[in-house]
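Q: First the structure, then my questions, so here it is.
The values are calculated or read from the model by the stated rules, or taken from the named source; none is laboratory data. As the structure is a computational prediction, the values presented were derived from the model and not from experiment. All Cβ positions, even for glycine, are placed from backbone atoms using ideal geometry, and neighbour counts span all protein chains on display.
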Amino acid sequence: MKDKLFSIIVLGAVSALPVGAGANEPRLLDGKTVRETVAGKRIYLAVPFGGELPLYYRRDGRVDGSGEAAGIGRFLKPSDSGRWWVDGNRLCQQWESWYEGKTFCFTLAPAGPNRLAWFRDDGEKGVARLGD
């Protein structure tokens with residue numbers, strides 16, 4: 001239940017993007033571009049009730065997340081760490097406690113200036129803001 005609530009709050013329906021054939025299909029990033037885009041950067045995921053969840057993708061393959069500013073601490077552990085890597089053209093990550101340590105992978109596509117559309121392997125999707 002806690003993981004489901006976390007999915008809804010943090011990575012749920014942020015902004016649905018059209019995915020289909022032809023001109024509406026997003027241009028997905030390749031593996032090299034995925035690594036260049038996230039390594040050493042903060043990625044901010046919008047949460048449905050306002051605020052953003054910052055994720056810091058360290059160059060050494062570690063990822064840190066803090067949900068304190070977004071108010072998710074009342075639902076689960078407010079901060080967590082894990083690891084990230086690129087598998088083919090997908091960004092994969094595994095948290096120590098969030099999602100009970102389950103691995104998720106994402107394809108990424110440009111979604112405007114300093115924005116990425118993400119498509120998780122379980123069907124969730126949304127938009128994130130690129131930080132420094």
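Q: When you scan the range 62-76, do you find a residue that is under 15 Å from the mean Cα position of the chain (by Cα), more than 16 Å from C92 (Cα to Cα) and at pLDDT below 75, even just one?
A: The answer is yes; a qualifying residue exists.
Q: Just the residues that are at pLDDT below 95 and either basic (K, R) or out of contact with any Lys or Arg (no Cβ under 9 Å at 6 or more places or on another chain) (or both), please, taken from the range 43-61.
A: Across the range 43-61, the qualifying residues are V47, P48, F49, G50, G51, L53.
Q: Restricting the search to the range 103-116, which residues are without any contact (Cβ under 8 Å) to a residue 40 or more places away in the chain and assigned to a strand (DSSP E or B)?
A: T103, F104, C105, F106, R115
Q: Pairs needed: first member in the range 81-102, touching a residue at least 24 places away in the same chain (Cβ under 8 Å); second member anywhere, part of a helix (DSSP H, G or I) and not basic (K, R); C-beta distance under 6 Å; at least 6 residues apart or different chains.
A: Matching pairs, first to second residue: V86/G31; V86/V34; G88/G31; N89/G31; L91/V34; Y99/D3.
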